[in-house]
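The values are calculated or read from the model by the stated rules, or taken from the named source; none is laboratory data. What you see is a predicted model, and the numbers here were worked out from it, not measured in a lab. For neighbour counting, all protein chains shown are included, and Cβ atoms are generated from backbone atoms with ideal geometry for every residue, glycine included. Surface areas here come from the heavy atoms of the whole protein model, side chains and all, with no ligands, DNA or RNA. Shrake-Rupley method; radii C 1.70, N 1.55, O 1.52, S 1.80 Å.
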Amino acid sequence: MDLILEPVQVNSLKEACIQKLERLILSGDLKVGTRLPPERQLAAMLDVSRPVLHQAIVELEARGLVRIVPRRGVIVNDFRTNGSLALLTSLLSYHEGDLDPALKQSMIDVRLLIERETARLAALHRTDEQLQQLNQIVEQEQASDRCNVRGLVELDFSFHLHVALASGNAMYPLIMNSFKSVYTNLTGQFFTRYCQDAATIDEVYGYHRRLVTAIVDRDEEAAAAVMVEMLNHGAQKLLAPH
């Protein structure tokens, strides 16, 4: 079979600048209202030409992350009120470093809203095959290497994705997959922090078993309640001071 393959693309300097500045803003390292250094200075700091930096700044302005103010320079925007669909796409792909605390809490709240409903619907609409898949994941979790953070993250995402699949609503799995990068960023932080804490990991897997039991019993209220309890547990652990 003849394959038509596109050449491998390497991130341009402009994209590298965008990602670097975007990360600083989304992490909260660059606060709303902060004025960036003059272009000449910032270009030298990033080791790129001024035209490349300017193109990156124009793109960041289009995403709602910064605004270019004549005679004042480039100011970090409040992206909550000025962000665009392009910024949402970037946010959903965010997978390096920490998020601004308010943004992290917002992500947790959205996850709680969506997954409470996926659990409730899964209890109503799950099939025998979907139950088997959920039980297989639970068994894999019990046998997993607790020091393999990447493996723990993938199993955890797979569990929540399969709950969404069992909901019977085609949109929920698509939403979950769209959130995967930022979702696994947060769960990666959680498992990195607690992988040596057997009691905490056992609590997580205990919630998974309880949720599967509620789904088996077609108890929609219990399923929703377990999901809320589990996500609140994870959020409290994740947001707790080190």
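Structure values in brief
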item: Matching residues in region 177-193 - criterion: being under 14 Å from LEU88 (Cα atoms) and among the aliphatic types (A, V, I, L, M); result: VAL182
item: Hey, ALA224 farther than 20 Å from GLU139 by Cα, open to solvent by 40 Å² or more (accessible area, probe 1.4 Å) and small (Gly, Ala, Ser) or not; result: no
item: Tally, over region 162-175, of residues that are closer than 13 Å to GLU117 by Cα, open to solvent by 10 Å² or more (accessible area, probe 1.4 Å) and assigned to a helix (DSSP H, G or I); result: 5
item: Options ASP197, ASP156, ASP145; residue that is under 24 Å from SER106 (Cβ atoms) and charged (D, E, K, R); result: ASP156
item: Matching residues, region 105-141, being surrounded by fewer than 17 Cβ atoms within 10 Å (Cβ to Cβ), assigned to a helix (DSSP H, G or I) and of a type in the set (Ser, Thr, Tyr); result: SER106
item: Residue in region 132-148 that is modelled with pLDDT of 95 or more and among the small types (Gly, Ala, Ser) present; result: no
